[in-house]
Amino acid sequence: MKRNPWTSSPNRLSLLMLVLLYGGLLGWMMEKREPMVFLFFLVSIFLLVLDWRMKLQRGVFGVLLCMLSLLSLWIPHITFSLIIYVLHSFSQGTYLLGLLPSVFFIYDQQREGIILWGIVAGMAVLLSFWRKDQELQWRKEYQLRKRLYEQEEMETLLLHEQKHLENMSRLKERQRIAEVLHDELGHELTAAHLSLKAARTVAKEEEGLLVNTLDKSLHRLEAGLTKLKEAVRQIEPTKESFLDTVETLKKECTYPVTFTHEGDLRRLEPYQEQLVFGMIKEGFTNIEKHANPSEVEIHVAILETVLRVRLYNDGVKEEKSMTGGNGLRYLRKRLEAVGGTVSSQKEKGAFTLLMVLPLRGGNEDD
């Protein structure tokens with residue numbers, strides 16, 4: 001949250017002191033009735049307003065202050081106005097800038113003027129210490145808020161990552177259970193079903209209880225096999241066509257997208273497909289934010305031991321853009337968890353995102 005510096009007590013008190021000093025100077029000028037004194041008064045107001053609005057560099061402000069101080073040697077009556085710059089410089093913590101008008105002011109004043117300088121300079125120094133202490137507290141508060149925001153952001157991203165990992169684990173577990181049911185229990189029940197059929201054929205010669213018992217067993221086995229197949233279909237992850245999903249993702253992009261592939265897409269496991277789709281989605285998000293391409297190219301290559309996905313666009317808007325944010329960083333972590341990598345390359349206004357993922361039984365070196 002941005003703070004208004006003029007709502008803080010040091011700045012308000014400093015402004016109040018400036019107003020009081022200017023009021024006193026105005027009364028003193030009314031008594032002197034000299035045009036040059038009034039002109040210097042207006043110049044001093046203009047210089048302080050200029051420094052407040054434009055934040056003049058200390059060197060520039062020092063040169064102007066030096067010129068005004070030297071001018072007081074030729075016009076003695078304006079020396080009293082230098083007390084304004086003593087207050088302004090000391091209260092801002094720029095003590096060196098305040099020394100020059102202080103020397104000229106003390107040199108030209110009597111005892112009462114020196115006492116006034118001491119009071120103004122002392123209060124201004126106290127104000128500068130107060131302001132520095134307040135700024136220190138603001139910086140500490142800002143760092144605390146920043147750390148709190150970063151922790152909240154990290155917590156959100158970790159929760160998102162946890163949900164993603166849970167979803168991937170769930171898909172793999174469902175796939176494993178479906179394979180176990182099909183490969184082990186399904187084969188056993190099928191073998192038992194065939195054995196009972198054979199026994200029923202042998203027992204046909206004897207009409208009676210044995211045939212009825214076998215018929216009941218066959219009926220129960222057939223019902224069990226039907227339920228088993230249905231259970232396998234329900235447990236196994238929904239197998240939407242890879243190409244259909246890619247087409248759906250292409251429709252989400254507002255730029256022309258060209259998709260090509262090589263290799264057998266059926267070799268991809270469900271969690272690998274999810275990683276590919278996540279990479280494409282993240283690439284599209286970055287393109288929408290940082291690019292204006294004439295065409296986007298996606299190429300999926302399923303080789304013998306690795307999967308390579310390349311996403312290319314030719315319209316990066318800025319040189320510093322498309323470097324990858326939280327989305328790519330967490331996609332990289334997901335890929336590293338399964339032995340994969342993701343990298344990016346920029347050159348001549350184009351950006352390429354490359355993902356490499358080992359397939360079952362392979363590694364990236366092949």
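So here's what we get for this one:
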{"item": "Qualifying residue in segment 343-351 (condition: surrounded by fewer than 16 Cβ atoms within 10 Å (Cβ to Cβ), among the charged types (D, E, K, R), at positive phi and at pLDDT below 85)", "result": "yes"}
{"item": "Condition met for GLN175 (modelled with pLDDT of 80 or more and over 30 Å from GLY98 (Cβ atoms))", "result": "no"}
{"item": "Exclusive hit being more than 22 Å from the chain's Cα centre (by Cα) and either loosely packed, with under 14 Cβ neighbours inside 10 Å or at pLDDT 70 or above (or both), set GLU166, GLU150, GLU155, GLU236", "result": "GLU166"}
{"item": "Single condition TYR85 does not satisfy, out of (1) modelled with pLDDT of 70 or more; (2) surrounded by fewer than 16 Cβ atoms within 10 Å (Cβ to Cβ)", "result": "(2)"}
{"item": "Looking only at segment 243-268, and only at residues there that are surrounded by 17 or more Cβ atoms within 10 Å (Cβ to Cβ) and either among the hydrophobic types (A, V, I, L, M, F, W, C) or not in a helix (DSSP H, G or I) (or both), the one that is modelled with the highest pLDDT", "result": "VAL257"}
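The values are calculated or read from the model by the stated rules, or taken from the named source; none is laboratory data. Model, not experiment: these values are computed from the prediction. Virtual Cβ from ideal backbone geometry, glycine too; neighbours counted across all protein chains shown.
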